[in-house]
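Written below as structure tokens is the structure these notes are about.
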Ligand SMILES: Cc1cc2nc3c(=O)[nH]c(=O)nc-3n(C[C@H](O)[C@H](O)[C@H](O)COP(=O)(O)OP(=O)(O)OC[C@H]3O[C@@H](n4cnc5c(N)ncnc54)[C@H](O)[C@@H]3O)c2cc1C
């Protein structure tokens, strides 16, 4: 199939350089696509059936090909590249027809690793970031609890300082990579509990006594994300495992969330693009009433509409990434990007499922899976309502 029919040809960052993407980014994209083709795509169906994927070996292979932590310093195993290298990374992962895989890798590379890079000491970067970017150390991100999801400040997990240790107690649930992680990044409250002054981010080695892990079973989507509940009972965590200031964990986490919203938005937008690409292929080949579906003008308009919204979403992501690149304030645009892309990917998956008809209703159909997986974007790493709350607050709407 020629590139023109395989992909949408206009304004496509897959094939174009522009003010956002250089030749280097295109080469990176090609390298990532080759990696997906070789290491991931042939196995997706099996991994979905097994509801597991070999995160550790995939991270190791990504590390060997120098594809992890692209924007971090080379002294810690990064590639000294820019923010847009992570945008390319998130977009290429977003196309994988098993969002649990992309989320697991992104949590390691773009949620936890940045906390070490941005708030860790040189020693912590050597001990945590370097092995993580080689794929030798797997990160999990343990913030949510049964009674604290959107309201992060309501966490019940406690960290009580005793000389050179914190005694950690609490149960974190829905921890992506929870089954595989070597180190959990845990947000816990100190006795003062004030979110601005009384929370810590602890990088807790799984090998410490007092940790129990149990799989979250039966999720409707993101089935390959190796999600688990992790319980910490009187775990003695060395104070040297704290990242950032004592008491400053909540603010560090909120800052990181804003960056993650852009990454999440890129992943959602790329997923929408991939779903629409598959749908165009389907509508070209599916014949009803004597002609391919694509000949129906209503369907052409539907696809043109969705395509327009995807392109707007993509451009919004790139502007947000540019502001991030220039170290500007991303708080408003990142929330807007996350909100609209989360809604968009659900809408695209829903409307495309309609165009596929009954086959996509089957559990293991690729579009059915995208439909289930896309639902999480509006819930996790900042729900739609939390994005609206943030946008209203920053805009001083009330
Ligand atoms: C597959 C999967 C993987 C996950 N991975 C991780 C992970 O790796 N690490 C981690 O820490 N967490 C993880 N999570 C948890 C995720 O971050 C939470 O689901 C998310 O923070 C939302 O919290 P909640 O589900 O408890 O919803 P709640 O906080 O109970 O909210 C329920 C609904 O009410 C809305 N709402 C809440 N308060 C308000 C309000 N004041 N006004 C209006 N609307 C409101 C919310 O937006 C949401 O739609 C994961 C979840 C899933 C399903």
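Go through the range 170-205 and give me each residue that's surrounded by 22 or more Cβ atoms within 10 Å (Cβ to Cβ) and more than 13 Å from the ligand (Cβ to nearest atom).
Correct list: 183, 189, 199, 200, 202, 203, 204.
What is the number of the single condition among (1) surrounded by fewer than 20 Cβ atoms within 10 Å (Cβ to Cβ); (2) touching a residue at least 12 places away in the same chain (Cβ under 8 Å) that residue 392 does not meet?
For residue 392, the failing item is (2).
Which of the residues that make up the range 20-72 are surrounded by 16 or more Cβ atoms within 10 Å (Cβ to Cβ), more than 20 Å from the chain's Cα centre (by Cα) and in contact (Cβ under 8 Å) with a residue 60 or more places away in the chain?
Across the range 20-72, the qualifying residues are 20, 21.
Any idea which of 66, 92 is modelled with pLDDT of 95 or more and over 27 Å from residue 377 (Cα atoms)? Before you say what the answer is, go through the steps one by one.
Working: 92 fails: over 27 Å from residue 377 (Cα atoms).
Going through 66, 92 in turn, the sole match is 66.
Given the residues 277, 236, 314, which is the only one that is more than 16 Å from the ligand (Cβ to nearest atom) and touching a strand residue (DSSP E or B) at 6+ places or on another chain (Cβ under 6 Å)?
Values: 277 fails: touching a strand residue (DSSP E or B) at 6+ places or on another chain (Cβ under 6 Å); 314 fails: touching a strand residue (DSSP E or B) at 6+ places or on another chain (Cβ under 6 Å).
Among 277, 236, 314, only 236 is more than 16 Å from the ligand (Cβ to nearest atom) and touching a strand residue (DSSP E or B) at 6+ places or on another chain (Cβ under 6 Å).
I need a count of the residues in the range 206-228 that are buried (at least 23 other Cβ atoms within 10 Å of the Cβ) and part of a strand (DSSP E or B).
1
Determine which member of the set 90, 104 is within 17 Å of residue 265 (Cα to Cα), within 15 Å of the ligand (Cβ to nearest atom) and touching a residue at least 12 places away in the same chain (Cβ under 8 Å). Don't jump to the end; show me each part of the working.
Working: 90 fails: within 15 Å of the ligand (Cβ to nearest atom).
Going through 90, 104 in turn, the sole match is 104.
Please specify each residue of the range 152-169 satisfying the condition of being in contact with a strand residue (DSSP E or B) (Cβ under 6 Å, 6 or more places away or on another chain), within 12 Å of the ligand (Cβ to nearest atom) and touching a residue at least 24 places away in the same chain (Cβ under 8 Å).
Correct list: 155, 157.
Can we say residue 124 is in contact with a strand residue (DSSP E or B) (Cβ under 7 Å, 6 or more places away or on another chain) and in a loop (DSSP other than H, G, I, E, B)? Let's see the steps before the verdict.
Values: in contact with a strand residue (DSSP E or B) (Cβ under 7 Å, 6 or more places away or on another chain): yes; in a loop (DSSP other than H, G, I, E, B): no.
Answer is no for this residue.
The values are calculated or read from the model by the stated rules, or taken from the named source; none is laboratory data. Owing to the predicted nature of the structure, the values given are computational and were not obtained by experimental measurement. With ideal geometry, Cβ positions are generated from the backbone for all residues, glycine too; neighbour counts draw on all protein chains shown.
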